């Protein structure tokens, strides 16, 4: 008996997650029908994807045209199409928030690979998802792992998020302070975009994941732990009230959590199936994170516990500082110092609206850029 194809759109198809998602879909082409693909400025790749996968609609930040495929005006238009069974939100940055909310309003399930959506507006997003009966399945390997481990959330005592430790795990603080962009981007386990790779080097990505986990699973920050696990084989774990610990393991490949998120609750043979070997992995190491060496994690806990627009400030200031580092304007350790300074200046709005969230985001970014310019002038 032929099964009904799941109708999917990919917001951010030309990025790292989007391109890997299309590889998963190609492997499972009898399971999916692509409604729309949306990319950014890489119009050449988007054209190639459209010609290969033949979606009904495409969108690009830079105008693009593909014969036989309709171009839509916005990401929100894609997310308003109720033909979609699921939308993979794989764009980077705040651009993912409004399309996600639009999809939720239209009762469309979400495979979420955009950190900012929950870091900026987790309370609003999760409340709307519950009201509209929408499932949000996380794509991040850590949250995807937790999602797979939980059977009865009421019996879970603690979430345990693993961190690879990034390229500076066994380096000194001095090494980090003098790190080049190339060194920060040399992640030992994962191939990701530049921004998230720098966040991995400072461990800010783990801080953002703590905030995401709080919203996704409804856990108090005091019950979300982080453990460093260099092999990136245990993707995260949960501890039940009776002391049992359940972990999800797998090779460090994003194909696995992407496939889980877009096929949930079903499972199929995938790109990485039958490739795991305990004997070849041989050992699994764990250690406590050094919060003095990686203070961004403490900053994220602080923002999460404060709530409101504190997490908006954290995200915006960090992102602007990361961009400045990638442009060679500041040092790696300045990212923490700049973000901490912006948070100390920020006046928190406890229960912001979406408009207030975007206003705060814009204002924090402006102030952060001004602060970075002054910092550069002092150094000179």
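The values are calculated or read from the model by the stated rules, or taken from the named source; none is laboratory data. The shown structure was predicted, so the numbers you read here are calculated from the model rather than taken from an experiment. No Cβ is skipped: glycine too gets one built from the backbone with ideal geometry, and neighbour counts run over all protein chains shown.
Considering only residues of segment 164-198 that are touching a helix residue (DSSP H, G or I) at 6+ places or on another chain (Cβ under 8 Å) and buried (at least 23 other Cβ atoms within 10 Å of the Cβ), which is modelled with the highest pLDDT? So, considering only residues that are touching a helix residue (DSSP H, G or I) at 6+ places or on another chain (Cβ under 8 Å) and buried (at least 23 other Cβ atoms within 10 Å of the Cβ), the one modelled with the highest pLDDT is 198.
Hey, among 228, 198, which residue is farther than 27 Å from residue 91 by Cβ and not assigned by TED's automatic domain parsing to the domain that holds residue 32? Show your work before the answer.
Working: 198 fails: farther than 27 Å from residue 91 by Cβ.
The match here is 228.
When we screen 328, 304 for residues that are exposed (fewer than 15 other Cβ atoms within 10 Å of the Cβ) and in contact with a helix residue (DSSP H, G or I) (Cβ under 9 Å, 6 or more places away or on another chain), the only hit is 328.
Residues that are touching a residue at least 12 places away in the same chain (Cβ under 8 Å) and assigned to a helix (DSSP H, G or I) within segment 148-174 comprise 148, 149, 153, 155, 166, 167, 168, 173, listed in sequence order. Considering segment 220-309, the qualifying helices (runs of 4 or more DSSP H), each wholly inside and each with 3 or more residues that are within 21 Å of residue 137 (Cα to Cα), run over 255-263.
In this structure, is residue 363 crowded, with 22+ Cβ neighbours inside 10 Å and either touching a residue at least 40 places away in the same chain (Cβ under 8 Å) or part of a helix (DSSP H, G or I) (or both)? Lay out the reasoning, then the answer.
On the way: crowded, with 22+ Cβ neighbours inside 10 Å: no; either touching a residue at least 40 places away in the same chain (Cβ under 8 Å) or part of a helix (DSSP H, G or I) (or both): yes.
So residue 363 fails the test.
Residue-level check: of (1) within 26 Å of residue 317 (Cβ to Cβ); (2) at pLDDT 95 or above; (3) part of a helix (DSSP H, G or I), residue 201 misses just (2). Restricting attention to segment 135-147, the residues that are crowded, with 20+ Cβ neighbours inside 10 Å and either out of contact with any strand residue (DSSP E or B) (no Cβ under 9 Å at 6 or more places or on another chain) or outside any helix (DSSP H, G or I) (or both) total 5.
Counting only residues that are in contact with a strand residue (DSSP E or B) (Cβ under 9 Å, 6 or more places away or on another chain) and either touching a residue at least 12 places away in the same chain (Cβ under 8 Å) or surrounded by fewer than 14 Cβ atoms within 10 Å (Cβ to Cβ) (or both), segment 279-293 holds 7 of them.
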